[in-house]
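The values are calculated or read from the model by the stated rules, or taken from the named source; none is laboratory data. Since the model is a prediction, treat every value here as computed from it, not as a measurement. Note that we place each Cβ from the backbone using ideal geometry, even for glycine, and neighbour counts take in every protein chain shown.
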Amino acid sequence: MKSKSIEDRIALNNGIEIPQFGLGVFLAKDGKEVYKAVAHALQAGYRLIDTAAIYKNEPSVGKAIRESNIAREDIFLTTKLWNSRQGDYKQVAKGFNDSLQRLGLEYVDLYLVHWAVKGKYEDSWKAMEELYLEGKIKSIGVSNFQVHHLESILEKSQIVPAVNQVELHPFLQQRQLLNFCNQHHILVEAWRPILKGEADKVAELVEIGKKYNKSGVQVTLRWNLQSGIITIPKSVNPDRITHNADLFDFELSHEDMDIISSLNQDKRFGPDPDNFDF
Ligand SMILES: NC(=O)c1ccc[n+]([C@@H]2O[C@H](COP(=O)([O-])OP(=O)(O)OC[C@H]3O[C@@H](n4cnc5c(N)ncnc54)[C@H](OP(=O)(O)O)[C@@H]3O)[C@@H](O)[C@H]2O)c1
């Protein structure tokens, strides 16, 4: 069975390994809320944590990691460069160093350009390459990049992004982007993977779940894992954090994988990466 354990890792294009399953912390409040969520997740076996400068919770995410009694090298931490810090090296380095300081950690495992800001994202990527070559970041990647954004940076730079983190769930399966990323050894990571919990209201997913004694949320996350995608459902609720990780004792059949594939509607719930204004 593929994806046997919560600690299963996949190699990025630079040889560094990333856990395939983790915790997202968008909208988790800095302080007790996010601290407890990260601490509980780490206790439950999660080893990948996904934050961002704009989530404004890096201080407590870092604190929970530092106080976890888990070796730093066993935890994979992602954070992201916010749009207001995009542009030349000076800007990007400031964004990165501020994040590192807020986290109170020596390094981050993955640093992502959060959105492809028009007129700036190519320079931001060049700056990310410089930071990476200086050894301050283990891996660099992007988020919300469409094929044309990726083509543009691949043409102008030397380092291929390790990851592209994008909105991806049964209603937005991103097949063209996935194919492109696969061809270029860019791992795809799914955000909003459980439709903000609404996966439990999708009849087809709930129906499939009954066969395995699993919820629609768990079916959706298992579909991510079996598709070779990294997935980072968010929760600050201990029971849901545990429930969302209970994915490693079943395998969806080919038929059920096909049913989920047929749910695609190319429907976004978040902003369109070609038309956002922030
Ligand atoms: N790169 C980007 O631009 C970008 C954009 C959005 C998100 N992300 C990342 O991706 C992560 C996940 O995306 P997301 O947070 O937007 O959405 P999501 O993970 O699909 O859904 C999170 C929501 O579902 C609820 N939930 C969690 N588990 C549940 C369960 N088992 N049953 C019912 N409800 C459940 C959570 O509430 P409770 O907390 O109360 O459990 C929360 O409201 C984010 O946290 C962030 O790290 C990245």
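Structure notes:
- Residue satisfying all of: in the stretch 78-95; under 24 Å from ASP277 (Cβ atoms) and hydrophobic (A, V, I, L, M, F, W, C); farthest from the ligand (Cβ to nearest atom) among these: VAL92
- Given (1) surrounded by fewer than 22 Cβ atoms within 10 Å (Cβ to Cβ); (2) of a type in the set (Asp, Glu); (3) in contact with a Phe, Trp or Tyr (Cβ under 9 Å, 6 or more places away or on another chain); (4) closer than 24 Å to ASN224 by Cα, number of the condition GLU67 does not satisfy: (4)
- Qualifying residue in the stretch 143-162 (condition: β-branched (Val, Ile, Thr), within 15 Å of the ligand (Cβ to nearest atom) and either farther than 27 Å from ASP88 by Cα or not in a helix (DSSP H, G or I) (or both)): no
- Subset of the stretch 103-117 [in contact (Cβ under 8 Å) with a residue 40 or more places away in the chain and over 20 Å from the mean Cα position of the chain (by Cα)]: GLY104
- Screening LEU27 on (1) more than 11 Å from the ligand (Cβ to nearest atom); (2) surrounded by fewer than 16 Cβ atoms within 10 Å (Cβ to Cβ) shows it passes everything except condition (1).
- Selected residue [modelled with pLDDT of 95 or more and closer than 26 Å to ILE194 by Cβ] from PRO19, PRO59: PRO19
- VAL206 in contact with a Cys (Cβ under 9 Å, 6 or more places away or on another chain), over 23 Å from LYS36 (Cα atoms) and surrounded by 13 or more Cβ atoms within 10 Å (Cβ to Cβ): no
- Annotation note: Cβ proximity below 8 Å between a residue of the stretch 119-133 that is buried (at least 23 other Cβ atoms within 10 Å of the Cβ) and a residue that is in a helix (DSSP H, G or I) and of a type in the set (Asp, Glu) (sequence gap 6+ or interchain) occurs for no pair.
- The residues of the stretch 137-150 that are touching a helix residue (DSSP H, G or I) at 6+ places or on another chain (Cβ under 8 Å) and surrounded by fewer than 17 Cβ atoms within 10 Å (Cβ to Cβ) amount to a single one, VAL147.
- Hits in the stretch 237-266 - residues which are within 30 Å of VAL117 (Cα to Cα) and surrounded by 13 or more Cβ atoms within 10 Å (Cβ to Cβ): ASN264
- Exactly one residue out of ILE208, ILE186 is over 29 Å from GLY119 (Cα atoms), modelled with pLDDT of 95 or more and aliphatic (A, V, I, L, M), and it is ILE208.
- Count - residues of the stretch 88-106 that are surrounded by fewer than 17 Cβ atoms within 10 Å (Cβ to Cβ) and farther than 23 Å from TRP191 by Cβ: 8
- Of all the residues in the stretch 164-208, those that are within 13 Å of the ligand (Cβ to nearest atom) and at negative phi number 22.
- Checked against (1) outside any loop (DSSP other than H, G, I, E, B); (2) surrounded by fewer than 20 Cβ atoms within 10 Å (Cβ to Cβ); (3) modelled with pLDDT of 95 or more, CYS181 passes all but a single condition, namely (2).
- Candidates ILE259, ILE230 - the one that is hydrophobic (A, V, I, L, M, F, W, C), in contact with an Asp or Glu (Cβ under 8 Å, 6 or more places away or on another chain), more than 11 Å from the ligand (Cβ to nearest atom) and modelled with pLDDT of 95 or more: ILE259
- If only residues of the stretch 233-255 that are over 17 Å from ASP200 (Cα atoms) and in contact (Cβ under 8 Å) with a residue 60 or more places away in the chain are counted, the one that is nearest to the ligand (Cβ to nearest atom) is VAL236.
- Condition check for ILE75 on (1) away from the ligand (no atom under 16 Å from the Cβ); (2) β-branched (Val, Ile, Thr); (3) over 22 Å from SER124 (Cβ atoms): one failure, at (1).
- Within the stretch 57-77, the set of residues being within 17 Å of the chain's Cα centre (by Cα) and at positive phi is empty.
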